[in-house]
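Everything on this sheet refers to the single structure shown next.
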2 protein chains.
Amino acid sequence: MPESRPRIVPEATVARLAVYLRVLAGLADGGRSHVSSGELASAAGVNPAGLRKDLSYLGPCGVRGVGYSVAGLRDRLTDALGGERSRACVLVGIGRLGSALADYSGFASRGFQFVGLLDTDPATVGHQVGGLTVRPVAELEGLVAETQATIGVITTPADVAQSVCDRLVAAGVRSILNFAPVALSVPAGVDVRKVDLSVELQVLAFLDQQRDGVPPVLAPVRATAQGGVR
Amino acid sequence: MPESRPRIVPEATVARLAVYLRVLAGLADGGRSHVSSGELASAAGVNPAGLRKDLSYLGPCGVRGVGYSVAGLRDRLTDALGGERSRACVLVGIGRLGSALADYSGFASRGFQFVGLLDTDPATVGHQVGGLTVRPVAELEGLVAETQATIGVITTPADVAQSVCDRLVAAGVRSILNFAPVALSVPAGVDVRKVDLSVELQVLAFLDQQRDGVPPVLAPVRATAQGGVR
DNA sequence: AACCGCTTGTGAACGCCTGAACAAAGTCGC
DNA sequence: GCGACTTTGTTCAGGCGTTCACAAGCGGTT
């Protein structure tokens, strides 16, 4: 079967597919049976043509003249994004942010299950967070091996993030979500995604200043009834 | 002074500038006086040439043959990203994530100060979080007017995020950081940045599956000593 | 004072992603 | 059963961002 299409899906598209999936889940709960690309794009905040292009990476998913089957497309997206099977995640660094993530219901409902919470602080170890007991970080390797966790989430201070990352990778974790404000270096074959909260705010501050600083040039553009999203 | 600001800075560059700034702050604390673009790029996890191009948007910042002055570049970046002045932020939705953000020291240290925490839940209102008392969301308009807050952070459930957003915009907030899993629609002149935590995990899950599912095609790329970050 | 090495700044090519226009295809109404 | 309308899937051009490569400029040295 030479037609095993190893079609390459751009990472930006993958991120949007996840958004579409969430919108579709909501529509399915609402009892809708079909959606058009226009409506779905509007709900997801993207361009309709772009949405169709994104979906085309998965092959034909819709019916021309009708739209997309809500349940059908949801299942196809679920499958494309890693299936229904729940994925075991390890969370290192149970500070305020870590605790919030451990409790976050949005993870569990999408198949991501925390199987271990780790911290170095003896005052934190032993506490119950989100139904799990915080364990000392020394148990990291054993925990990963035992639970076959494939995803590691790092919410430690910046200065220990790299060493935690190294231990996770050595233990077999190949996907890492990093909240610590450092660039992690990992061997090839390991994926890292970084979320930097203060950078987000700083970008907003920059845009804010840019708006205030260049009004003689940009201000003439009045808020017309253009209702543009984004 | 006709030399205002004709140069337009790409948003991706702005986000990286914020990262450089953090690295520089660390180097300054360490007592370093100069850095090269290569070292800075390595610490930030980007390409050296790209870093130089990013900095070139601010005009010449370095000295050829020597590098960049740590303190000088830090001050210039601080200025470009909105100055030293602290910015007032309002946080709506004091759940677990909201509480974690209200306490997050990374915000305060970068000049972002929460001046109001709002929630609808009577059980939450009145609680003390991060040195502030949670107030009922009915006080939103008054609070924004009184504190001149320019940044709003939304950590509410998805179904009320749009209405909270509308009220923030109507009250004068022009920059919004959205953690709720919905696409907010705002009038022109308002900037929104979205952080979607479960999308991040789902992208990792996809990459994970792709690795396992298509090794016959992609595996030949062996882990060379390329030490590539990212 | 002149040379040499090092580092910045910039110009150009490459690739990726986005946004719009067009053809294929299927359904609904008559 | 046929025609017209609707909506998808695809193709094309445009813009943006990234990367490579080279010239310009500065400091240190002889």
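The values are calculated or read from the model by the stated rules, or taken from the named source; none is laboratory data. Quantities reported herein were computed from a predicted structural model and do not represent experimental measurements. Ideal geometry is used to build each Cβ from the backbone, glycine not excepted, and the neighbour counts take in all protein chains shown. Ligands, DNA and RNA are excluded from the accessible area calculation, which covers all protein heavy atoms including side chains. Shrake-Rupley method; radii C 1.70, N 1.55, O 1.52, S 1.80 Å.
The residue of segment B:54-86 that is modelled with the lowest pLDDT, among those that are open to solvent by 20 Å² or more (accessible area, probe 1.4 Å), away from DNA strand D (no atom under 16 Å from the Cβ) and within 14 Å of chain A (Cβ to nearest Cβ), is B:G83.
Of the listed requirements (1) in contact with a helix residue (DSSP H, G or I) (Cβ under 8 Å, 6 or more places away or on another chain); (2) more than 10 Å from DNA strand C (Cβ to nearest atom); (3) at negative phi, B:G72 misses just one: (1).
Would you say B:R96 is among the basic types (K, R) and at pLDDT 95 or above? In short, no. Selection of segment A:181-230 for residues being modelled with pLDDT under 90, within 16 Å of DNA strand D (Cβ to nearest atom), facing chain B (nearest Cβ under 7 Å) and open to solvent by 40 Å² or more (accessible area, probe 1.4 Å) yields an empty set. The residues listed here are A:R96, A:R85; of these, the one that is in contact with a helix residue (DSSP H, G or I) (Cβ under 6 Å, 6 or more places away or on another chain), of a type in the set (D, E, K, R) and away from DNA strand C (no atom under 13 Å from the Cβ) is A:R96. All of (1) touching a Leu at 6+ places or on another chain (Cβ under 6 Å); (2) in a loop (DSSP other than H, G, I, E, B); (3) within 13 Å of chain A (Cβ to nearest Cβ) hold for B:V9 with one exception: (1). Close contacts from segment B:39-60, counting a first residue that is under 16 Å from A:V182 (Cβ atoms) and near DNA strand C (Cβ under 9 Å from one of its atoms) and a second that is open to solvent by 10 Å² or more (accessible area, probe 1.4 Å) and of a type in the set (F, W, Y), with Cβ to Cβ under 9 Å and a gap of 6+ residues or different chains, come to B:L40/B:Y68. Taken over segment A:111-145, the residue count meeting the criterion of being in contact with a helix residue (DSSP H, G or I) (Cβ under 9 Å, 6 or more places away or on another chain), open to solvent by 60 Å² or more (accessible area, probe 1.4 Å) and free of Cβ contacts under 8 Å to residues at least 12 places away in the same chain is 1.
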